[in-house]
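Enquirer: Structure below; questions to follow.
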Amino acid sequence: MTSYIKIPSHLTPSDPQGSELLARERSKATFDVNELTLALYGSEELSRFKKILKILESDPILDKSNIYYMGRTELFKYALRKDKRIIQLAATHKWNVDEFKIASRLVDMSGPYSIHQSMFLPTILGQGTEEQKRKFLNPAIRHEIIGCYAQTELGHGSNVQGLETTSTYIPETDEFEIHTPHLTAAKWWAGGLGRTANHSVVMARLITNGQDKGPHPFIVQIRDLTTHEPLPGITIGDIGPKFGFNTTDNGFMLFDHVRIPRFNMLSKFSKVTKGTGEYKNPPNEKLSYGTMVFVRSVIIFNAGLALARAATISVRYSAVRRQFVDKENPMILPNGQVVETAVLDYTMQQYRLFPVIAQAYAIYFTGEIITNLYKQYIDQSSRGDFSLLADLHASTSGLKSLTSDIAVDSIEDCRRSCGGHGYSNFSGFTRFYQDYLPNTTWEGDNYILTQQTARYIIHSKQQSEEFSLRSNESPTIFYMLRYLSNPSQKCTVISPSDFKNPEVQLAIYGYRAAYLIARAVDQIDNHKKSWNSMLVEINRISRAHCQYILVHNFILTLQPQTSDSMNEKRRILHNSPSLKTVLTSVCNLFALHTMEKNLSEFLESGYLSPKQSEMLRVQISESLNEIRPNAVALVDAFYLPDYLLNSALGRYDGKVYETMIEWASKEPLNGITLDINPYSEKLFRNDVKAKI
Ligand SMILES: CCCCCCCC/C=C\CCCC(=O)SCCNC(=O)CCNC(=O)[C@H](O)C(C)(C)COP(=O)(O)OP(=O)(O)OC[C@H]1O[C@@H](n2cnc3c(N)ncnc32)[C@H](O)[C@@H]1OP(=O)(O)O
Ligand SMILES: Cc1cc2nc3c(=O)[nH]c(=O)nc-3n(C[C@H](O)[C@H](O)[C@H](O)COP(=O)(O)OP(=O)(O)OC[C@H]3O[C@@H](n4cnc5c(N)ncnc54)[C@H](O)[C@@H]3O)c2cc1C
């Protein structure tokens, strides 16, 4: 990359150097970082990760050094080039799906093929018959066809039942006719549709024999495979610049009576019979929404990694960044020199950042558990057993909402914790934050999704006064039985350290959730409150329930398990007392900090007293102290390489200032010679500054 300004090479940052500060932090850790990394990822995944990282880092096409200076069109071209490159590398190195995902995560830029991977392929896989998979999935896996997922319309997104695009069965020709009846029915937002995809999953209302059967998925070829022009009757375009995600061509699409073969209705669950147009019902009405359940589970997992990334940048930077001298406890170098204090030593910075580390671990562990629950559901459903679907839908909806909300808030908190440099693109926060942001909206707006979770819980409570649940069908709300049946109990905490007891934490969270549910059911059943009038309460219920799940899963991860149910990762964790100790502090901080942020509900439930809430604050402060020596090591353990972070502030080696000035010298604006004469029409002089 070209530099436009020569920086005097004799200048170095004043002592102590960032590398020295980070080394000091790392030497303070009470546990083995490599061991924790293994406990997070397992040896097999970690070695694959390292192998793939090596390939990507040395590939000139995937070099990221230029991207902070690019505008949209240039960035989009870069994204297309890198998407193609990953596919080529996958073929060369024979990467499987998991390895492909690792590469995409490391390259870290949504691209024109992203939705092909994340939604088009999973939809055919989940909703197609074997014959349909042969016809569409195999060429799609080979990237002979590129697809997108067009569900949302200009006038409807959240309300899937309200979609207007129609797909009408024509018995005479055994075809469906896809049509856009109004402007509001224009397909809108689909990623990859704008300029790239030649096929699309189109969610359209199935009309057969004059009956409207609601939205169903259809495969529609939308562009010519040779000319890449839209096919007759189809109008397509990119929807224009966005808040972020500009490396993906989100598109719009209009259909004018476009015919597709009946075969193209994805028919694993529901079918239309040739000629008669008879409709065969699916075993569960919502199976056509299956891709959303899958992607929501992935969003939960990704939220943990996004938090780890934000924490890595801000914690490392805070260890290097020094401001003021803390006179009561100054930072003294080995040579006796008093220097400014690292901002990580200010308790306010710790209170802002350490809970983000804790959120990262909490959500990472729940992400693993939800991924396993999803796999269990897929396994059962392949045998015709859909009994887990309702619980899975409820928990993925609420957790997608809660975890992506937490991530968005915390990424911004971490960015702000980096002060002015957090506002620079070189921080590594700008595109990361912008691209992360839509996770709160796509795959279901976060407020709407909480209604799904609360409704499931409230219905379960209403169906039976005893809340008679079966643990195998309602695993995520089974806990509530215990608390609902005993509403008058009080919290047993008498000293701050009692808050460290996991049983105490679960009881506090359990009672608060049960209290909110019982109150809402009373309002709805006995006071005839409308659903709309209860939406704020409903949101609280979903959040309370999902916070319980996060705390419960973290505690579960740290509890000894029977050795045969333990995988390699858990074995590493349970065989290491130092890992268990540090993660217990992290778990406590997550549980207690989250409690403090929602204190009014815990107090309102009557389970926790104001006196106990004072003790809670004392214990939080204690947890922050426990974590302090391990803060850098805890973020290092996530093993997020510099190639991914692309951050001057969060570099592993702490060379923050050297990188800031080097990257600034490469700003292309520094390479043009302006004509600043106000009376001249020219903006630039003809002589271009020499490149260095
Ligand atoms: C490799 C993967 C990487 C992934 C990384 C992420 C990158 C992805 C990048 C971009 C992707 C962006 C793509 C999109 O955004 S696609 C569009 C997504 N759109 C939505 O999510 C729309 C949200 N809306 C809905 O889902 C629904 O409209 C609804 C809000 C759930 C309401 O649905 P509806 O009106 O039909 O239903 P009801 O509320 O009346 O409920 C009826 C019963 O059905 C149950 N239900 C609802 N949804 C589901 C489901 N998905 N699965 C199972 N069951 C479901 C509901 O609970 C009701 O049950 P009951 O028993 O109470 O009758
Ligand atoms: C970057 C990006 C990429 C996307 N990619 C795709 C894609 O590939 N394919 C695709 O099909 N879609 C895609 N989408 C669309 C996305 O799925 C929808 O935007 C999302 O589902 C929200 O729907 P909406 O836009 O209709 O919001 P609306 O439903 O219009 O929401 C507007 C506001 O109204 C509130 N609201 C609405 N209904 C209710 C209610 N019943 N109760 C309480 N509050 C309510 C919401 O909370 C929200 O605050 C993408 C969106 C973005 C931003």
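Enquirer: Test G275 against the stated conditions and say whether it is free of Cβ contacts under 8 Å to residues at least 12 places away in the same chain, assigned to a loop (DSSP other than H, G, I, E, B) and among the small types (G, A, S).
Expert: no
Enquirer: Still on this structure, please answer the following. Could you check region 294-316 and list, in sequence order, the residues that are in contact with a Ser or Thr (Cβ under 7 Å, 6 or more places away or on another chain) and away from ligand 1 (no atom under 16 Å from the Cβ)?
Expert: Within region 294-316, A310, I313, S314 qualify.
Enquirer: Scan region 272-292 residue by residue and report those that are surrounded by 13 or more Cβ atoms within 10 Å (Cβ to Cβ) and at pLDDT 95 or above.
Expert: Listed by number, the residues that qualify are V272, T273, G277, Y279.
Enquirer: Also: Please tell me if Y289 is within 16 Å of ligand 2 (Cβ to nearest atom) and either in a loop (DSSP other than H, G, I, E, B) or touching a residue at least 24 places away in the same chain (Cβ under 8 Å) (or both).
Expert: It is true that Y289 is within 16 Å of ligand 2 (Cβ to nearest atom) and either in a loop (DSSP other than H, G, I, E, B) or touching a residue at least 24 places away in the same chain (Cβ under 8 Å) (or both).
Yes or no, residue by residue, for (1) surrounded by 15 or more Cβ atoms within 10 Å (Cβ to Cβ); (2) farther than 20 Å from T291 by Cα:
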site: E177; (1), (2): yes, yes
site: P181; (1), (2): no, yes
site: A185; (1), (2): yes, yes
site: V201; (1), (2): yes, no
site: T208; (1), (2): yes, yes
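Enquirer: May I pose another question? Only one residue in T371, T291, T347 is among the polar types (S, T, N, Q) and away from ligand 1 (no atom under 16 Å from the Cβ), so which one is that?
Expert: T347
Enquirer: Give just the number: which of (1) crowded, with 18+ Cβ neighbours inside 10 Å; (2) more than 10 Å from ligand 1 (Cβ to nearest atom); (3) at pLDDT 95 or above does G126 not satisfy?
Expert: It is condition (3) that G126 fails.
Enquirer: Go through region 317-362 and report how many residues are of a type in the set (D, E) and in contact with a Leu (Cβ under 9 Å, 6 or more places away or on another chain).
Expert: Matching residues across region 317-362 total 0.
Enquirer: Can you tell me which of T248, T196, T235 is away from ligand 2 (no atom under 16 Å from the Cβ), among the β-branched types (V, I, T) and modelled with pLDDT of 95 or more?
Expert: So the residue among T248, T196, T235 that is away from ligand 2 (no atom under 16 Å from the Cβ), among the β-branched types (V, I, T) and modelled with pLDDT of 95 or more is T235.
Enquirer: Looking only at region 233-271, filter to residues that are over 31 Å from the mean Cα position of the chain (by Cα) and free of Cβ contacts under 8 Å to residues at least 24 places away in the same chain; which one of those is surrounded by the fewest Cβ atoms within 10 Å (Cβ to Cβ)?
Expert: T235
Enquirer: Could you grab me the full set of residues in region 404-448 that are small (G, A, S), closer than 19 Å to I549 by Cβ and either within 16 Å of ligand 2 (Cβ to nearest atom) or not in a helix (DSSP H, G or I) (or both)?
Expert: Residues satisfying the conditions are S404, A407, G444.
Enquirer: State yes or no: is I370 closer than 27 Å to K286 by Cα and either more than 16 Å from ligand 2 (Cβ to nearest atom) or surrounded by fewer than 22 Cβ atoms within 10 Å (Cβ to Cβ) (or both)?
Expert: Criteria met by I370.
Enquirer: Another question, then. Any residue that is in contact (Cβ under 8 Å) with a residue 24 or more places away in the chain, in a helix (DSSP H, G or I) and surrounded by 17 or more Cβ atoms within 10 Å (Cβ to Cβ) - is there at least one of those in region 139-148?
Expert: Yes, there is a match, as at least one residue in region 139-148 is in contact (Cβ under 8 Å) with a residue 24 or more places away in the chain, in a helix (DSSP H, G or I) and surrounded by 17 or more Cβ atoms within 10 Å (Cβ to Cβ).
Enquirer: Continuing with the same structure: Within the set of pairs 6 or more residues apart or between chains, which connect a residue that is in the same structural domain as H182 (by TED's automatic domain parsing) inside region 153-168 to a residue that is polar (S, T, N, Q) and in a helix (DSSP H, G or I) with Cβ atoms less than 6 Å apart?
Expert: L154/T184; G155/T184
Enquirer: Residue by residue through region 214-271, note down the ones that are among the polar types (S, T, N, Q), more than 16 Å from ligand 1 (Cβ to nearest atom) and part of a loop (DSSP other than H, G, I, E, B).
Expert: T226, T227, S267
Enquirer: Can you name the residue in region 643-652 that is more than 11 Å from A319 (Cα to Cα) and over 20 Å from the mean Cα position of the chain (by Cα) and, of all such residues, is surrounded by the most Cβ atoms within 10 Å (Cβ to Cβ)?
Expert: A648
One line per residue, one yes/no per condition, for (1) small (G, A, S); (2) in a helix (DSSP H, G or I); (3) buried (at least 17 other Cβ atoms within 10 Å of the Cβ); (4) more than 11 Å from ligand 1 (Cβ to nearest atom):
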position: H393; (1), (2), (3), (4): no, yes, yes, no
position: G398; (1), (2), (3), (4): yes, yes, yes, yes
position: L402; (1), (2), (3), (4): no, yes, yes, yes
position: T450; (1), (2), (3), (4): no, yes, yes, no
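The values are calculated or read from the model by the stated rules, or taken from the named source; none is laboratory data. As the structure is a computational prediction, the values presented were derived from the model and not from experiment. Note: ideal-geometry Cβ built from the backbone for every residue, glycine included; neighbour counts use all protein chains shown.
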